[in-house]
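Please read the structure below before turning to the comments.
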Amino acid sequence: MLDSNFNVAMVGTGYVGLVSGTCFAEMGNQVICVDSDAAKIERLTEGRLTIFEPGLSVFFERGLREKRLNFTTDLAWAVGASSVVFLALPTPPGADGGADLTHLLGVVDRLGPMLTGYTVIVNKSTVPVGTADRVQASLVGQGKRPGIDFDVVSNPEFLREGLAVKDFMKPERVVIGAGSDRARDMMTQLYEPFVRGGNPILTMDCRSAEMTKYAANAFLATKITFMNEVANLCQQVGADVDKIRRGIGSDSRIGREFLHAGIGFGGSCFPKDVQAFAHTATTHGTRLRILEAVLQANHHQRRVLVQMLSQHVGGDLRGKHVAIWGLAFKPNTDDVRESPAHHVIEELLERGATVAAFDPEALETSRRVLGDRISHVPDAYEVLTDADALLICTEWNEFRRPNLARVASLLKRPLILDGRNLFDPLKMAEFGFEYLSIGRPYHEPTSVDVPSFSQ
């Protein structure tokens, strides 16, 4: 009989590693999180989170207080003390478009001598098909002391930033790729407390598990891109993409999720995973042509908002001052990796405009990327001062019901381009705004009587 809880090492303390380690600790396991960044480990040890993720702080503080959650730079200590070692390391795009496994394999190359008993090595990172085999071969090649044994498992994550704690604590499914009954049973017991509501633990071979993650993200990215393409056609023919979304989303074969038109997908997963999945196909002598088209269409979609602005003001953006609401790639995170907002900003700067931007959580992460090329303003209304237009790039809740009278009074002209379709176009026109959105008809302003609140 296996123990009721586990000693877990989580190698990597990014979004996936920190959320996963904290949630495992919340379920009673002893967790050691490892990172080579000493400053980050010091901050975490002192009780200061390094990411913004709703709901994480409660579990994080409890894990530290009850000494179930520990942080270290000592990989050997963490691995030697653990029966399950998760690898939650970055796999960024390489120069050829494939996933760069340098960080992951660099750690794996050091693991062999650190194993002190039977250990399950778990690929939590999103990795190309065949990576578990490469990890296995590396560990075998390092040699094993007598009596030391291990298995390599693929356990892809399906966490949504902004909802990651909820997704981990109550997953829709857990995917475990394993080649041995021992590893499969151990991983199943580790995850059983998280699926007491009846959602499945799906066991399969490692290669199928690795493919499952890429296929899931690629499909969702395709669904988003399809709706954006429909929205672009709506713009040309005078149809309303919101009505179409409701019309097709009511079909149970299609579903309502991921059908909202906008300015493209971003973040740490979809762009790199779609690219890596397409690259995997080419390295095996085939092509995923749909995904090649998805990447091309998404690149175009990120430019739509600036093109709309340019057309609306006569083509020349030189000397224009633009306010941005939203810098994170999605709400409820401070992550700006591949953020559509940053792509919008880059194009505005290239066209000679100046930019001031506000975001409830991502000002600091954005400043680290863009520096002083734009103004990062800590107030949603202050950022509007003397702007020629407001562009909405992230659908934070606080943007949904602004003080429209104040917005109109601060802008040079009441011009809003909404990349997330937050407001009703007809009502905005009735309130006196020049309001352009994605895939919905434009209505000429019919009033200058802007209400104080609501739309």
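The values are calculated or read from the model by the stated rules, or taken from the named source; none is laboratory data. Treat the numbers as computed from the prediction; the structure is a model and nothing was measured. When we count neighbours, we look across all protein chains shown, and the Cβ atoms used for this are built from the backbone with ideal geometry, even at glycine. These area figures cover heavy atoms from the full protein model, side chains too; ligands, DNA and RNA do not enter into them. Shrake-Rupley method; radii C 1.70, N 1.55, O 1.52, S 1.80 Å.
For residues that are among the charged types (D, E, K, R) and under 28 Å from the mean Cα position of the chain (by Cα), tally how many sit in segment 75-125.
Residues meeting the conditions: 3.
Being buried (at least 22 other Cβ atoms within 10 Å of the Cβ) and either more than 20 Å from the chain's Cα centre (by Cα) or in a loop (DSSP other than H, G, I, E, B) (or both) is the filter here; which residues of segment 335-350 pass it?
Result: ASP335, VAL336, SER339, LEU348.
Of (1) open to solvent by less than 50 Å² (accessible area, probe 1.4 Å); (2) hydroxyl-bearing (Ser, Thr, Tyr); (3) without any contact (Cβ under 8 Å) to a residue 40 or more places away in the chain, SER154 satisfies all except one. Which?
Here SER154 meets the rest and fails (3).
Could you list, in sequence order, the residues of segment 351-374 that are small (Gly, Ala, Ser), surrounded by 16 or more Cβ atoms within 10 Å (Cβ to Cβ) and either over 17 Å from LEU417 (Cβ atoms) or free of Cβ contacts under 8 Å to residues at least 12 places away in the same chain (or both)?
ALA362, SER366
With the requirement that a residue be under 22 Å from PRO90 (Cβ atoms) and open to solvent by 30 Å² or more (accessible area, probe 1.4 Å), what does segment 224-283 give you?
CYS269, PHE270, LYS272, GLN275, HIS279, THR283
Among the residues of segment 401-414, write down those that are touching a Leu at 6+ places or on another chain (Cβ under 7 Å) and either more than 30 Å from GLU161 (Cβ to Cβ) or at pLDDT below 95 (or both).
Within segment 401-414, LEU410, LEU411 meet the criteria.
Residue by residue through segment 44-74, note down the ones that are more than 21 Å from VAL122 (Cβ to Cβ), exposed (fewer than 15 other Cβ atoms within 10 Å of the Cβ) and over 21 Å from the mean Cα position of the chain (by Cα).
Matches in segment 44-74: THR45, GLU46, GLY47, ARG48, VAL58, GLU61, ARG62, ARG65, GLU66, LYS67.
Need the failing condition index for GLY419 against (1) within 25 Å of the chain's Cα centre (by Cα); (2) open to solvent by 30 Å² or more (accessible area, probe 1.4 Å), just the number.
So GLY419 meets the others, but not (2).
Can you tell me which residue among GLU350, GLU434, GLU398, GLU430 is modelled with pLDDT under 95 and of a type in the set (Asp, Glu)?
Residue meeting the stated conditions: GLU430.
Which pairs do you get when a residue that is open to solvent by 20 Å² or more (accessible area, probe 1.4 Å), found in segment 115-141, comes within reach of a residue that is of a type in the set (Lys, Arg), reach meaning Cβ atoms under 8 angstrom, with the pair 6+ apart or on two chains?
TYR118/ARG182; VAL129/ARG207; ASP133/ARG207
Got a number for residues in segment 197-223 being modelled with pLDDT of 95 or more, of a type in the set (Gly, Ala, Ser) and either surrounded by fewer than 16 Cβ atoms within 10 Å (Cβ to Cβ) or within 30 Å of GLY419 (Cα to Cα) (or both)?
Number satisfying all stated conditions: 5.
Would you say PHE194 is surrounded by fewer than 17 Cβ atoms within 10 Å (Cβ to Cβ) and either over 26 Å from ASN332 (Cβ atoms) or of a type outside the set (S, T, N, Q) (or both)?
Taking the combined requirement at face value, the residue does not satisfy it.
Yes or no: segment 375-389 includes at least one residue that is in contact with a strand residue (DSSP E or B) (Cβ under 7 Å, 6 or more places away or on another chain), of a type outside the set (A, V, I, L, M), part of a loop (DSSP other than H, G, I, E, B) and in contact (Cβ under 8 Å) with a residue 60 or more places away in the chain.
Among the residues of segment 375-389, at least one is in contact with a strand residue (DSSP E or B) (Cβ under 7 Å, 6 or more places away or on another chain), of a type outside the set (A, V, I, L, M), part of a loop (DSSP other than H, G, I, E, B) and in contact (Cβ under 8 Å) with a residue 60 or more places away in the chain, which makes the answer yes.
With the requirement that a residue be open to solvent by less than 30 Å² (accessible area, probe 1.4 Å), of a type in the set (A, V, I, L, M, F, W, C) and over 16 Å from GLU161 (Cβ atoms), what does segment 75-88 give you?
LEU75, ALA78, VAL79, VAL84, VAL85, PHE86, LEU87 - these are the residues of segment 75-88 that are open to solvent by less than 30 Å² (accessible area, probe 1.4 Å), of a type in the set (A, V, I, L, M, F, W, C) and over 16 Å from GLU161 (Cβ atoms).
Any idea which residue in segment 390-400 is nearest to PHE433 (Cα to Cα), counting only those that are out of contact with any Lys or Arg (no Cβ under 6 Å at 6 or more places or on another chain) and touching a residue at least 40 places away in the same chain (Cβ under 8 Å)?
Among them, the one singled out is LEU390.
Filter segment 98-114 down to the residues that are closer than 22 Å to CYS269 by Cβ, crowded, with 16+ Cβ neighbours inside 10 Å and of a type outside the set (A, V, I, L, M, F, W, C) and list them by number.
GLY98, ASP100, HIS103
Which residue is least open to solvent (accessible area, probe 1.4 Å), if the candidates are limited to segment 284-308 and must be small (Gly, Ala, Ser) and not in a loop (DSSP other than H, G, I, E, B)?
Among residues in segment 284-308 that are small (Gly, Ala, Ser) and not in a loop (DSSP other than H, G, I, E, B), the one least open to solvent (accessible area, probe 1.4 Å) is ALA297.
Please go through segment 47-59 and pick out each residue that is under 23 Å from THR365 (Cα atoms) and either among the aliphatic types (A, V, I, L, M) or in contact (Cβ under 8 Å) with a residue 40 or more places away in the chain (or both).
Passing the criteria: LEU49, ILE51, PHE52, GLU53, PRO54, GLY55, LEU56, VAL58.
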